[in-house]
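> Structure in structure tokens, see below.
FYI, it's all coordinate maths here, none of it is from the lab. Computed from a prediction, not measured in an experiment: that's the story for all the values here. Virtual Cβ from ideal backbone geometry, glycine too; neighbours counted across all protein chains shown.
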Amino acid sequence: MSNFQPINPTPFLKSLIGKSIIVRLKWNKTQYKGILISIDNYMNLQLDQTYEIISDDINTTKEELIGEIFIRCNNVLFIREYKEIEQQNQQTDSKPIENDDNNNNNGNINEEENVEDEKVTNNEDIEIDKE
């Protein structure tokens, strides 16, 4: 059995005020990314510096700055905190690792070194085969 404990959403939403969040609407794949300014007792949301993110069926996304918006509570499918660290990690993972000035190649092997190692290994294999 799982130990599921329900959480009151009001304190959760209040903890997100002033932070970047993502709100997904029920009706389509539209999401809004912005800073949560305020909520009310009905859980209506006010966002500032908001980007509208529209995903098409063809796996393309369109992101457009729309500024300050108000989202009525009955349109919301989910709300989550947007962590910029995740976005930065995705960008740094795609960058190639470059050598620094001290000839430290961060664990990468030069192709020349790799070829020399293969030659030594191949010579040893040939000597073993001759015996």
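> Work through the residues other than ARG24 whose Cβ is under 12 Å from its Cβ and net out their charges, Lys, Arg +1 and Asp, Glu -1.
+3
> Continuing with this model, one more query. Please list, in chain and number order, the residues 5+ apart from ASN44 or on another chain whose amide H is under 5 Å from its amide H, with Hs placed from the backbone.
Placed amide hydrogens put CYS73 under 5 Å from ASN44.
> Take the Cβ-Cβ distance between LYS33 and ILE58 as r, set R0 to 25 Å, and report the resulting FRET efficiency rounded to the nearest 0.05.
0.75
> What is the fewest-to-most order of LEU45, LEU65, LEU25 by other Cβ atoms lying within 10 Å of their Cβ?
Lowest count first: LEU65, LEU25, LEU45.
> Translational D (Stokes-Einstein, µm²/s) of the range 1-84 at 37 °C and 0.692 mPa s when Rh comes from the Kirkwood sum over C-alpha pairs?
Working: Rh = 13.6 Å.
The Stokes-Einstein estimate is 242 µm²/s.
> Given the peptides 51-61, 3-13, 69-79, arrange them by the average over their residues of other C-beta atoms within 10 Å, most packed first.
Details: 51-61: 10.7, 3-13: 8.5, 69-79: 13.2.
Final packing ranking: 69-79, 51-61, 3-13.
> Now for a different question. Just to verify a number: FRET efficiency for LYS26 and ILE66, C-beta to C-beta distance, R0 = 22 Å, to 0.05?
Efficiency for this residue pair is about 0.70.
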